[in-house]
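The next block holds one structure in the form of structure tokens; read it before the comments.
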Amino acid sequence: MVTVGRVARWGGRLLAALGDDVRRFRATVGRRQSTEPTLRVYDLSFPHGRRRLHLRTAADGSAVLLVDATDAIHLNPTAAILTRLALESTPVDRAATLLRSRFRGVGRDTARSEADKVYALVDRLTSDTDSCPTCGLTDIEWSPPFSVPVSAPYKADVALTYRCNNACPHCYSQHRNNSLSALRAPLSPPQWHDVLRRLSEIGIPHVIFTGGEPTLVEGLEDLIRTAAGLGLVTGLNTNGRRLSERRFAASLRAAGLDHVQVTLESHRPEVHNAMTGADSFGQTNHGIHNALDEGLYTITNTTLTRKNIDHADKIVEYLHQLGMRTFAMNSMIYTGGGQTSDDAVSVERLAPVLADVRDCAAELRMRFLWYTPTEYCRLSPVELELGPRRCNAGEYSICIEPNGDILPCQSYYVPAGNLLRDPWEHIWQSELFGSFRRRVSDPRGAGLPERCWSCPDLAVCAGGCRIEREHLRKAIDCKATFLSSAASDDGKAVSPRG
């Protein structure tokens with residue numbers, strides 16, 4: 001069986017294809033333990049650009065084929081074998097013969113038919129086209145989003161440092177640098193290269209260098225070069241200020257950086273500077289221009305707060321004028337400075353704003369990415385026509401902290417282990433990571449509120465953002481404690497003898 005899914009921000013559609021014949025071989029192959037490399041990389045160059053395919057094989061012989069870290073094609077063991085043969089240019093008749101020799105009871109016609117189907121798919125994925133290679137696939141059946149389990153994440157956010165040359169009051173990593181330094185020293189440059197090699201061995205095809213501000217780390221170009229040399233798709237999340245140095249932006253591109261996301265909080269300099277706590281607007285804008293001029297795939301991200309929500313659509317228009325064609329937005333992250341910020345916007349106020357942003361983007365033919373996973377009963381991205389959106393922590397995505405600790409996501413500061421000290425299987429199978437992956441199968445055990453347990457949207461919602469849920473729970477508990485204390489104090493006040 002082949003299943004295709006959009007994994008950009010890990011939230012899209014799933015398809016099933018290639019019929020029942022291939023399923024016959026699953027039991028036979030499932031008994032064999034694969035000794036092949038976890039991750040194989042196929043780098044394709046075209047006149048208009050490049051495409052990178054990653055074939056990640058699991059222990060049971062099944063595999064996932066990732067296209068530019070954006071689309072995931074899930075393969076059963078037989079389809080995995082045929083896909084590898086096709087990618088390595090083995091003639092299709094030879095592949096059919098190998099299939100018959102490897103699996104008992106497979107007829108000549110069946111073997112050739114299944115080989116033809118897989119080879120046609122691979123031919124489509126490896127063809128020179130600037131259109132979506134997985135869009136418009138024929139002979140497929142739709143399956144629910146997020147329904148295919150994964151054996152390892154698709155993406156790792158690599159937080160090189162929590163230092164930053166901005167001071168955003170709402171930043172989720174605010175104060176994290178001091179608290180982390182007290183626990184363990186940051187990794188050395190050689191250790192960071194070991195981290196990248198370890199991620200490749202695990203089979204994670206996509207790394208994003210983040211922080212804090214990753215461009216403050218000496219040797220960033222070398223880390224990008226190492227990741228690119230391993231065949232990984234490389235990204236950078238930055239405030240864009242150092243990209244205003246054209247030579248620096250060019251060095252990142254030359255090292256192999258694939259894409260960059262720049263934080264731009266507003267098209268109004270005074271608002272952007274207030275939200276970043278620095279006189280940063282000019283450098284950030286110059287950095288965006290340089291990234292685009294260097295040929296980096298560039299998007300922006302904006303945190304919607306009370307300071308900028310009244311002109312969110314104008315930000316979109318400004319981005320279009322800059323030359324952007326894709327942009328992202330998110331709401332407050334309730335950790336770090338976000339825990340105490342007064343600038344958070346309620347979901348009730350967010351909904352009409354997101355609709356306006358969506359319509360503005362459509363009119364300008366721009367792509368709008370909404371990042372924040374919300375409870376669908378409060379704000380449904382599907383109803384807003386923003387596509388399915390679900391928290392990917394501890395499942396499709398992980399984060400590596402500056403000391404090598406592994407977090408479920410870059411905002412949930414509870415480590416499940418250390419990448420350089422602990423076995424990956426212990427981390428992946430930890431109770432912490434398991435609690436994220438069991439949100440649908442065991443919502444009660446995963447800590448979701450009772451209203452989620454039988455909700456029809458649970459599979460695509462998964463209870464929204466765990467950080468927000470825990471933040472709101474703490475706020476309610478604090479309020480209840482305050483009211484209880486106040487009632488007790490009032491009781492003492494009216495009872496002189498008490």
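The values are calculated or read from the model by the stated rules, or taken from the named source; none is laboratory data. Computed from a prediction, not measured in an experiment: that's the story for all the values here. Heads up, the Cβs are rebuilt from the backbone with ideal geometry, glycines too, and the neighbour counts pull from every protein chain shown. Side chains included, ligands, DNA and RNA excluded: accessible areas come from the protein's heavy atoms. Shrake-Rupley method; radii C 1.70, N 1.55, O 1.52, S 1.80 Å.
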Exercise for the section: Could you please let me know if residue 227 is touching an Asp or Glu at 6+ places or on another chain (Cβ under 6 Å), of a type in the set (A, V, I, L, M), within 26 Å of residue 52 (Cα to Cα) and surrounded by 23 or more Cβ atoms within 10 Å (Cβ to Cβ)? Expected result: no
Exercise for the section: Being under 25 Å from residue 176 (Cα atoms), modelled with pLDDT of 95 or more and open to solvent by less than 20 Å² (accessible area, probe 1.4 Å) narrows it down to one of 217, 233, 207, so name that one. Expected result: 207
Practice task
Please go through the range 159-179 and pick out each residue that is touching a helix residue (DSSP H, G or I) at 6+ places or on another chain (Cβ under 7 Å), over 23 Å from residue 281 (Cα atoms) and modelled with pLDDT of 95 or more.
Solution key: 160
Problem - Filter result for the condition that a residue is at positive phi and surrounded by 24 or more Cβ atoms within 10 Å (Cβ to Cβ), over 277, 240, 256 - result: 240
Practice task
Return the pairs, sorted by first residue and then second, in which the second residue is part of a helix (DSSP H, G or I), the first residue lies in the range 441-458 and is within 15 Å of residue 473 (Cβ to Cβ), the beta carbons are less than 6 Å apart, and the residues are 6+ apart or on different chains.
Solution key: 446/435; 452/458
Practice task
Report yes if some residue within the range 303-325 is surrounded by fewer than 23 Cβ atoms within 10 Å (Cβ to Cβ), hydroxyl-bearing (Ser, Thr, Tyr) and in a strand (DSSP E or B); otherwise report no.
Solution key: no
Completion exercise
Reported set for the range 352-398 where residues are assigned to a helix (DSSP H, G or I) and surrounded by fewer than 16 Cβ atoms within 10 Å (Cβ to Cβ) is 352, 355, 356, 359, 362, 363
Handout entry: Residue list for the range 399-424, restricted to those being of a type in the set (Asp, Glu) and surrounded by fewer than 17 Cβ atoms within 10 Å (Cβ to Cβ)
Key = 422
Handout entry: Meets criteria (in a loop (DSSP other than H, G, I, E, B) and in contact (Cβ under 8 Å) with a residue 24 or more places away in the chain) for residue 345
Key = yes
Practice task
Assess whether residue 208 counts as being within 21 Å of residue 417 (Cβ to Cβ), part of a loop (DSSP other than H, G, I, E, B) and within 22 Å of the chain's Cα centre (by Cα).
Solution key: no
Exercise for the section: Keeping to the range 326-342, report how many residues are surrounded by 17 or more Cβ atoms within 10 Å (Cβ to Cβ) and either part of a helix (DSSP H, G or I) or among the acidic types (Asp, Glu) (or both). Expected result: 4
Exercise for the section: State whether one or more residues within the range 184-200 are among the basic types (Lys, Arg), surrounded by fewer than 16 Cβ atoms within 10 Å (Cβ to Cβ) and at pLDDT below 95. Expected result: yes
Problem - the range 38-76: number of residues that are within 13 Å of residue 232 (Cα to Cα) and part of a strand (DSSP E or B) - result: 13
Exercise for the section: Would you mention how many residues in the range 72-97 are surrounded by fewer than 21 Cβ atoms within 10 Å (Cβ to Cβ) and under 19 Å from residue 134 (Cβ atoms)? Expected result: 1
Handout entry: Considering residues of the range 444-496 that are at pLDDT 55 or above, over 22 Å from residue 387 (Cα atoms) and among the hydrophobic types (A, V, I, L, M, F, W, C) only, the residue farthest from the chain's Cα centre (by Cα)
Key = 478
